[in-house]
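K.L.:
I am attaching a structure below and will ask some questions about it afterwards.
The values are calculated or read from the model by the stated rules, or taken from the named source; none is laboratory data. A quick note: this is a predicted structure, and the numbers were derived from the prediction, not measured. Note that each Cβ is placed from the backbone with ideal geometry, even for glycine, and that neighbours are counted across all protein chains shown. In case anyone asks, the SASA skips ligands and DNA or RNA and just uses the protein heavy atoms, side chains included. Shrake-Rupley method; radii C 1.70, N 1.55, O 1.52, S 1.80 Å.
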Amino acid sequence: MAFDSFSAFIAMEGHGPYVWACYAVFFVLMLLMMIGSVRSRKAIVESCRRGYEFQADKSKVAASPPPSASFARVNVSQD
Amino acid sequence: MHPIRKKRLTIVLFLLAGLSIAVALTTYALRQNINLFYDPTQISAGEAPMDVRIRAGGMVEAGTVVRDPDSLKVVFHVTDYNASVPVEYVGILPDLFAEGQGIVAMGRLNNEGRFVADQVLAKHDENYMPPEVADALEKASKNEGSSMPASAQPASY
Amino acid sequence: MWQFFHKLGSPKWFFGISTRFMPWLLAGGVILLMAGVVWGLAFAPEDYLQGNSYRIIFIHVPTAFMAQSVYIMMASAALVTLVWRMKLADVFVKAVAPVGLVLTFLALFTGAVWGKPTWGTWWIWDARLTSMLILMFLYGGVIALDRAINDEKSAARAVAVLVLVGVVNIPIIKYSVEWWNTLHQPATFKLTEKPSMPAEMWVPLLLSVLGLYLIFGWLACVRMQTEILSREQRTRWVREFVMKGRV
C-alpha cells in the first residue's frame, strides 16, 4: 500500500479531486457503453423473435382453408 | 486475387499515398506554427518576433531564479543548454516549477531580449520514478561530483 | 489463406465464433483492468515530481492508446470494405465508431484533468492535444456520415473513404511530440527501449491497457452481433438462431 491510511488514499495529498474525477468519469462512461450495447442487442433479438412469431401465426392462418364466414376469434398477436 | 480487387486496392493505396504526401508537405510548411514554443536558441538567434505574443520553452536554469520579496515577481533564465533567455513573470507559478524543470511561458519578447511572460506552464518529461529512487540517483550523482541530467533531478515538492 | 479470409467475412460464422469467445473476453478484460487500476491507485509508488496526480496515467494511457488502435483497426476494415466489399468489415466500422468516440473523449478528459495540476492548464493548442481532438471529430464524422446516408451500400463506401482519409492523422498523433515542440511529454513506452518508469509503475499500466483491449474486444463483438442481427433478420440462419435461443 502506498498510503498510510484510507483518508490519505482518498485525499491523495490534495490531488484527490483530480484523480477521482478521472476514474469516476471513466467507469461511468464505460459502464454506460457496456450496458447500452447489451441492451440494444437484447432489443434486436426480441424484435426478431416477435417478427418471426407473427409471421408463423400468419402462415398458419393462411394454411388452413378459409371458411366462407365464421365468428371464430382471429388469432392476432396483441403486442 | 481477383483483377478487379487488385485494381481497387491499387487505386486506394495510390490515393492514400497522395494524401499522405499532401498532408506531410502542409505540416512541413506550417511547422513553425505547429511548434508550440520557441526554444532559447531560436530566440537568441533572433528567429522569434519581437513584441508579438509568443511562447518560449526550455529548462529553468539552476541558480537563476530570483524572487522579488515584496511581490509575486520572479525572474529566471530559460535554457536549452545552448543558449539562455531571461524571463520575468508576475503571478503564481505552477506546483512543478523548480530549477532544472521544463517550462513553457507565454508572453512577449521586449527589445532588450527579455521575455515578459503573463503565463507560465510546467512541462514535465516522460520519466516517472518513486521519490526514493530519485533521491538515490541524486546522491549517486553528488558522490561522483558531476551534475545529473536535469530530467532526473528531483524538484522541491 | 483466401478461403479463411472469405469465411471470416461470413456473418453466420462470425456470430457463432464470437459468441463462444465473448464471456472470456469480458471476464479477462474486467479482471485485468481492475487489477491494473487497483494496483495503480493504491499500491504503485508515487512519482517523485508529480506526486499522486500521476495516477491518472493508469486510465489516461489505456484510453489514449485504444482510441488510436481502434482507429487503425477501423481503417484496416475500411480498406477491406473498399477492395473486397466484405459485409463484416463494414459492420465492424459501424459497430466500433461510437466506442472509439467515447475512448477518445475519455483520453482528452483525463488528460485535461491531469494537465490542470501538473502543467497549470486544462487545455493548450499544442500538436498532440489538437491532433487528438481531430481524432474525436473524425469518429463523430464517421458516425454522422453513416446516419446521413440511408442506402446501406453507399453508406458503407462513403464511411470507408472518410475513415481511410482520416488515417493520416494517426502518425501525426503518434509523432507530434517528436516532430514539434509540444507541452505534452514524449511517450513513456517505446517499442525498442525499456519504459522510462520502474516496473512497479509500468506493470499495472500494462495490465490496464490489456484489460481495456479485451473489454473493447467484447464490446466490438456485442455491437457487431447487434448490427448483424438487424441486417440479416430476414435470413434463415438468424431465424434459426433466434428461435432456438442460440443468441
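K.L.:
For chain C, modelled as a Gaussian network with Cα springs under 10 Å, which listed residue fluctuates most, C:81, C:110, C:188?
P.N.:
C:188
K.L.:
Between helix C:199-231 and chain C, what is the angle of the helix's C-alpha long axis to the longest principal axis, kept within 0 to 90° and rounded to the nearest 10?
P.N.:
20 degrees
K.L.:
Then there's this: Roughly speaking, to the nearest percent, how much of chain C's 1.4 Å accessible area is carbon and sulfur?
P.N.:
Answer for chain C: carbon and sulfur cover 68 percent of the accessible area.
K.L.:
On a 0 to 90° scale, report how tilted helix C:152-166 is relative to the longest principal axis of chain C, with both axes built from alpha carbons and the result rounded to the nearest 10.
P.N.:
That helix lies at roughly 20 degrees to the long axis.
K.L.:
Given a 1.4 Å probe, show me the residues in segment C:94-129 buried by at least 40 Å² of accessible surface when comparing the whole protein assembly to the chain alone.
P.N.:
Buried on complex formation: C:102, C:106, C:109, C:113, C:117, C:118, C:119, C:124.
K.L.:
In addition: Going down the list B:123/C:116; C:174/C:194; C:94/C:153; C:116/C:190, which pairs span over 20 Å between their C-alpha atoms?
P.N.:
C:116/C:190
K.L.:
Only protein chains counted, 1.4 angstrom probe. Which residues of segment B:71-103 are at least 10 Å² less accessible in the assembly than when their chain is isolated?
P.N.:
B:94, B:95, B:96, B:101
K.L.:
Could you state how much accessible area is buried at the A-C interface, both sides summed, with a 1.4 Å probe, in Å² to the nearest 100?
P.N.:
3600 Å²
K.L.:
On to the next question. Among C:163, C:41, C:188, pick out the residue whose Cα is farthest towards the positive end of the charge dipole of the protein assembly as shown, where Lys and Arg carry +1 and Asp and Glu carry -1 on C-beta, about the Cα centre.
P.N.:
C:163
K.L.:
Set Lys and Arg Cβ to +1 and Asp and Glu Cβ to -1, take the dipole of the protein assembly as shown about its Cα centre, and tell me which of C:177, C:214, C:201 lies farthest positive.
P.N.:
Farthest towards the positive pole: C:214.
K.L.:
How long is the gain from residue C:193 to residue C:27 if the chain were fully straight, where each residue apart is worth 0.36 nm and the alpha carbon distance is subtracted? Please report the intermediate quantities before stating the final value.
P.N.:
Working: separation 166, 0.36 × 166 = 59.76 nm, distance 3.14 nm.
Here the answer is 56.6 nm.
K.L.:
As a check on your grasp of the helix formula, calculate [θ] at 222 nm for chain B: sum -39500 (n - 2.57) over DSSP H runs of n ≥ 4, divide by the residue count, round to the nearest 500.
P.N.:
For chain B, the value works out to -10000 deg cm²/dmol.
K.L.:
Also, quick follow-up: Any idea of the accessible area per residue across segment C:37-148, 1.4 Å probe, to the nearest Å²?
P.N.:
Counting only protein heavy atoms, the per-residue value for segment C:37-148 is 29 Å².
K.L.:
Let me ask another. Using the alpha-carbon centroid of each, what span in Å lies between segment C:152-196 and segment C:200-247?
P.N.:
25 Å
K.L.:
Which residue, C:159, C:99, C:203, tops the fluctuation ranking in a GNM of chain C built on C-alpha contacts under 10 Å?
P.N.:
C:203
K.L.:
Among all the lysines, which ones have a C-alpha under 20 Å from residue A:60's C-alpha, if same-chain residues fewer than 8 places away are not counted?
P.N.:
Partners within reach: C:244.
K.L.:
Can I ask one more? Accessible area per residue, 1.4 Å probe, Å², for chain B: what's the number?
P.N.:
On a per-residue basis, chain B sits at 57 Å².
K.L.:
Nearest 500 deg cm²/dmol is fine: what mean residue ellipticity at 222 nm does chain C get from its DSSP H runs of n ≥ 4 alone, each adding -39,500 (n - 2.57), divided by its residue count?
P.N.:
On the way: 9 runs with 184 residues, N = 247.
Using -39500 (n - 2.57) per qualifying helix, the result is -25500 deg cm²/dmol.
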